[in-house]
Amino acid sequence: MRSFTFSFAADPHDAVRAASESPGNEVGARMPAQFLGGGTTLVDLMKLDVMRPGRVIDITRITGPRVRAIEVTRAGLFVGALATMRQVADCAAVRRDYPVLAESLSLAASPQIRNMARVGGNVLQRTRCAYFRDTSWPCNKRDPGAGCSALQGQNRWHAVLGTSEHCIASYPGDWAVALIALDATVETLAPSGPRVLRFAELHRPPGSTPHIETSLAPGELITGFLVPAGAYTRRSVYLKVRDRESYEFALASAAVALDLDGDTVRQVRIGVGGPVAMPWRAREAEAVLAGKPLTEANADAAASAAFAGAKAREHNAFRIPLGEQTLIRALMQAKAMEVIA
Ligand SMILES: Cc1cc2nc3c(=O)[nH]c(=O)nc-3n(C[C@H](O)[C@H](O)[C@H](O)COP(=O)(O)OP(=O)(O)OC[C@H]3O[C@@H](n4cnc5c(N)ncnc54)[C@H](O)[C@@H]3O)c2cc1C
Ligand code: SF4
């Protein structure tokens, strides 16, 4: 691990001030100062020499009523960025009113990691692309312009939606798939002041600059997430398919939230995870289902629409039918759910 300076932040302003005063913070720079949450992504990648921040600011001692809050109100659900994955997954109100969010967290990682990791750091986890994590391989995300080893390499774990010729890495997180389905917003404190952005605007497609993964400014701190209330949040499901039952990232996943009038879809929200370059909202699939009965045939048509733009590589074509089947199953599970009014 390279040398770096380390400090604790007492409050969000303190954290942002320390980060924005650090070297390497010019826009687009590869490694501005990093905030330390649970450290389950950051410390891992620092040990592998993939992330090399000159400064690390521990944000876990920040106090204040909102930073760890989990509040369900009429407007929706607010979750402070320093709440742990476990706290959100175990919250009874979240499990009742937003099961898709609770399930996406309880199916992620391991109990130990869920105890350590914060939801703010969770949405910013980095790809698990093996070439990115091993500095002996060329990788555009790590070293812009170096080339992409996965294009002609072992790309079973790589994305089929949202990729570019410069990077086909998949976004590995689960919670973000549920957040994007439910139209969440993100609250931040930037060096220029507080701001709110749609969760769908947080992650950037790889395009020709895969090393720039989000729209956050250097030194910008995520402070919380707001998930708007909706008639569809209680009838919601997160379905995750993986190589083994625990402690594994998604081969395919689907976050589905439904409002039904009998069998007919009044509203539906769909997020797709696994072989996606960034958290993925399947609006084409939603459009196929709106106003129609939720039958297997219509779910099948929606799943085909979700993956219509997919581009497979040598080893990952199986993830297209797997993703489609996962979405169909999630839709039918959500339909069959018993929802307490
Ligand atoms: C073995 C293993 C298995 C895993 N399996 C899964 C899985 O199945 N599903 C899944 O979703 N995840 C999985 N993960 C990933 C894990 O969930 C993330 O590493 C974790 O959620 C990151 O949170 P953290 O608090 O530890 O972040 P950190 O490692 O502390 O930070 C991650 C990044 O976010 C930045 N950051 C942290 N907090 C903030 C903030 N508030 N504002 C701005 N920037 C911030 C940091 O600077 C850093 O760049 C797994 C991880 C491991 C090691
Ligand atoms: S897929 Fe992306 S992260 Fe993986 S080697 Fe290629 S450029 Fe790097």
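The values are calculated or read from the model by the stated rules, or taken from the named source; none is laboratory data. As the structure is a computational prediction, the values presented were derived from the model and not from experiment. Methodologically, a virtual Cβ is constructed for each residue, glycine included, from the backbone with ideal geometry; neighbour enumeration extends over all protein chains shown.
Odds and ends about this structure:
- Restricting the range 183-201 to residues that are charged (D, E, K, R) and not in a strand (DSSP E or B), the residue that is surrounded by the most Cβ atoms within 10 Å (Cβ to Cβ): 183
Residues are listed down the side, and each one gets a yes or a no for (1) closer than 28 Å to residue 314 by Cα; (2) near ligand 2 (Cβ under 8 Å from one of its atoms); (3) at pLDDT 95 or above:
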{"position": "111", "(1), (2), (3)": "no, no, yes"}
{"position": "125", "(1), (2), (3)": "yes, no, yes"}
{"position": "141", "(1), (2), (3)": "yes, yes, yes"}
{"position": "154", "(1), (2), (3)": "yes, no, yes"}
{"position": "170", "(1), (2), (3)": "yes, no, yes"}
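- Top-ranked residue in the range 78-133 [being of a type outside the set (Phe, Trp, Tyr) and part of a strand (DSSP E or B); ranked as nearest to ligand 1 (Cβ to nearest atom)]: 118
- Residues considered: 147, 153. Of these, the only one that is within 30 Å of residue 244 (Cβ to Cβ), more than 9 Å from ligand 1 (Cβ to nearest atom) and surrounded by fewer than 24 Cβ atoms within 10 Å (Cβ to Cβ) is 153.
- Subset tally (residues that are buried (at least 16 other Cβ atoms within 10 Å of the Cβ), over 19 Å from residue 219 (Cα atoms) and either modelled with pLDDT under 95 or not polar (S, T, N, Q) (or both)) for the range 51-89: 13
- In this structure, residue 75 qualifies as small (Gly, Ala, Ser), under 18 Å from residue 186 (Cα atoms), over 20 Å from the mean Cα position of the chain (by Cα) and more than 9 Å from ligand 1 (Cβ to nearest atom).
- Pair list, Cβ < 7 Å and 6+ apart or interchain, from the range 32-45 residues that are at pLDDT 95 or above to residues that are basic (Lys, Arg) and within 16 Å of ligand 2 (Cβ to nearest atom): 41/126; 45/126
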